[in-house]
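Derivation of every value follows stated rules applied to the coordinates shown; laboratory data play no part. Note that this is a predicted model, so its numbers are computed, not measured. So basically every Cβ, Gly included, is an ideal-geometry build from the backbone, and we count neighbours across all protein chains shown.
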Amino acid sequence: MKFRGLSLALVLPLATMAGHVVASDYGTPEEARAMLESTVAMLQADKVGTLAMINAGEIMDRDLYPYCGGPDGMFTAHPNPDLLGRSLRELQDKEGTAFGETLYAEAAEGEIAEVSYMWPRPGETDPVQKVAYVTMVDDQVCAVGFYQE
């Protein structure tokens, strides 16, 4: 995983979660939830810096990464720069399910909800079942998704 300029208290949950699944190419549900929880703590400590780190791809572990959208429904943070400024709220999966709207509907401050949708793994084209853990942090809807195997 990549980290830059973080306090040890914020990095340790992410660093330790990466250490116990060395053999897997994909993140687990537990790792996705831990990454979201750590991202929430980072956003609460430094919103602007954390959004910048997400955009720079500095908070990633295999196929796990956080992403966020603002109150206007637009992506404010994603490691894929092509998505910045585009609508997260209007995002649909490969089957036409409007899961972006569901992410916004399910996000609540202090709670983590699950949203399922179909999405291809990185580097692949065939969609598979993916679940995003989603929450609200201040004015940001943030999520980390994992693929179900």
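Each of T135, T97, T50 has some number of other Cβ atoms within 10 Å of its Cβ, and from fewest to most they run T97, T135, T50.
Taking all Cα pairs closer than 8 Å and separated by 6 or more residues, the relative contact order of the range 8-147 comes to 22 percent. Taking a sphere under 13 Å around the Cβ of E111 and counting the other residues whose Cβ falls inside, with K and R at +1 and D and E at -1, yields a net charge of -3.
Rounded to the nearest 20, the Cβ-based charge dipole of the range 8-147 about its Cα centre (Lys and Arg +1, Asp and Glu -1) stands at 200 debye. By the beta-carbon count within 10 Å of each Cβ, the least crowded to most crowded order of Y147, Y26, Y67, fewest first, is Y26, Y147, Y67.
Taking a sphere under 12 Å around the Cβ of Y133 and counting the other residues whose Cβ falls inside, with K and R at +1 and D and E at -1, yields a net charge of -4. Shape analysis of the range 8-147 based on the Cα gyration tensor places the equivalent ellipsoid semi-axes at 21, 19, 14 Å, largest first. When its C-alpha radius of gyration is set against 2.2 N^0.38 Å (N residues), the range 26-83 gives a value of 1.08.
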